[in-house]
Structure formats: structure tokens, C-alpha cells
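See below for the structure under consideration.
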Amino acid sequence: MTAKKIMETALHHFAQNGYEGASLRDISAAVGIKKPSIYNHFKGKDELFMAVYQDVAAKELSFAEAYLTPDSKSTFKTQLYHFLIQYMERYESEEETKFFLRMSFFPPTHLRMESMKLSMGYIDKMTDLAKILFTSAANRGSIRLNVSIEQATGAYMAILDSVFVEMLYGDKERARKRLEASWHVFWQGIRSGD
């Protein structure tokens, strides 16, 4: 139970203050334990950070899997578009999503390789999910593509990257404007004769 509480508290501190600004002393005080007690569960700040990062990455992937699984309840277009909207809303409201995106783009320098391996694995899995979704839609006749599935998937992921960057550097309104402009061009560009 304590390890879980330490990770939950550490998430808040890492999300608010970044890796460098979060201290084990502050985390332990917030949990209600002495700093040395953290070492009963984690070797140090690096191991705690990576444990939190891995946990959050798994939760973010679960969100993506749930949204990007072929779904007969909504149209293909709606499913793709709403995933992007939901990601923007999660970034605004979910500390885990905010932490994950910030650390994916700005990992601690000395943990860069380990962090990037995790975040790139996440992006690769999301790309695979999007490709499966495009393939399913094309096979069902939900869309006739003007481009290859790989190109459509790559363009969709580029929109997602663009939205990520705007959420990190801009604000919600700028991200929404970027999404609207790029979504329109994307949707018109990938379809054939619809």
C-alpha cells in the first residue's frame, strides 16, 4: 500500500515540478513517512520516477487501446476525431496525461534513453492501433482511401503529434484551432471519391 501511495504522491510532484523540482523529502512528507522509508520501496528518485512513468504509460496505452479499437457503434470518422478531442481533454483534466506528455517530450537528461525508449514504444503501439483501425475501416467499406493505409496512419499520427506540441507549448484554444485546420485537410486528403 505504501509503495502505491508513494507513487501517487510522486506523480503529483513530478507533474507539478518536473523531475528536477520534485524532492524525495517533499514526497515523503506528503505521504506521511520519513524520507528513508522511501528506500524500502525504491532505490532512489530515478527508480521512483521510472516506476511512475511506466505506470502512467500503461494507463495511457489502455486509454488509446479502448479508443482506437474498431467500433461498430460510431462512424470511423467520429472515432478518429473524438480520440484527438479526448486526448486534448485528458491533458487539461488528467494529471497522469499531462505528466506523460511532458516527460515524453522533456525527460530528465540522465534518464533520456530509458524515458525515450518507453515513450517511443508507446507511440509505436499507438501507430499500430491506428493502422489496425484504418485497415478494419477500409475492409468494412467504411472508407475508400486515396492513399495507402501506411500513409493515412502516418498523417493521422502527425496530427496527434501536432496537437501534443500545441498542448505543451500553447494552450487549449490554439490546440483546438490546429486540430480543426489539420483535421479538415487530413480527412479531405485521405478519402477517394466520398
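Some notes on this structure:
- In summary, helices (runs of 4 or more DSSP H) completely within region 1-73 and bearing 1 or more residues that are out of contact with any Lys or Arg (no Cβ under 8 Å at 6 or more places or on another chain), of a type outside the set (Val, Ile, Thr) and crowded, with 18+ Cβ neighbours inside 10 Å occur at 2-21, 45-67.
- Pair list, Cβ under 8 Å, 6 or more apart: region 12-25 residue closer than 17 Å to Lys43 by Cα, other residue of a type in the set (D, E, K, R) and open to solvent by 40 Å² or more (accessible area, probe 1.4 Å): Tyr19/Lys45; Ala22/Lys45; Leu24/Lys35; Leu24/Lys45; Arg25/Lys35
- Residue match in region 80-102 (condition: surrounded by fewer than 16 Cβ atoms within 10 Å (Cβ to Cβ) and within 22 Å of Glu150 (Cα to Cα)): yes
The values are calculated or read from the model by the stated rules, or taken from the named source; none is laboratory data. Nothing here was measured: the structure is a model prediction, and the numbers come from that model. All Cβ positions, even for glycine, are placed from backbone atoms using ideal geometry, and neighbour counts span all protein chains on display. Areas reflect the complete protein model, heavy atoms only, side chains present, ligands, DNA and RNA absent. Shrake-Rupley method; radii C 1.70, N 1.55, O 1.52, S 1.80 Å.
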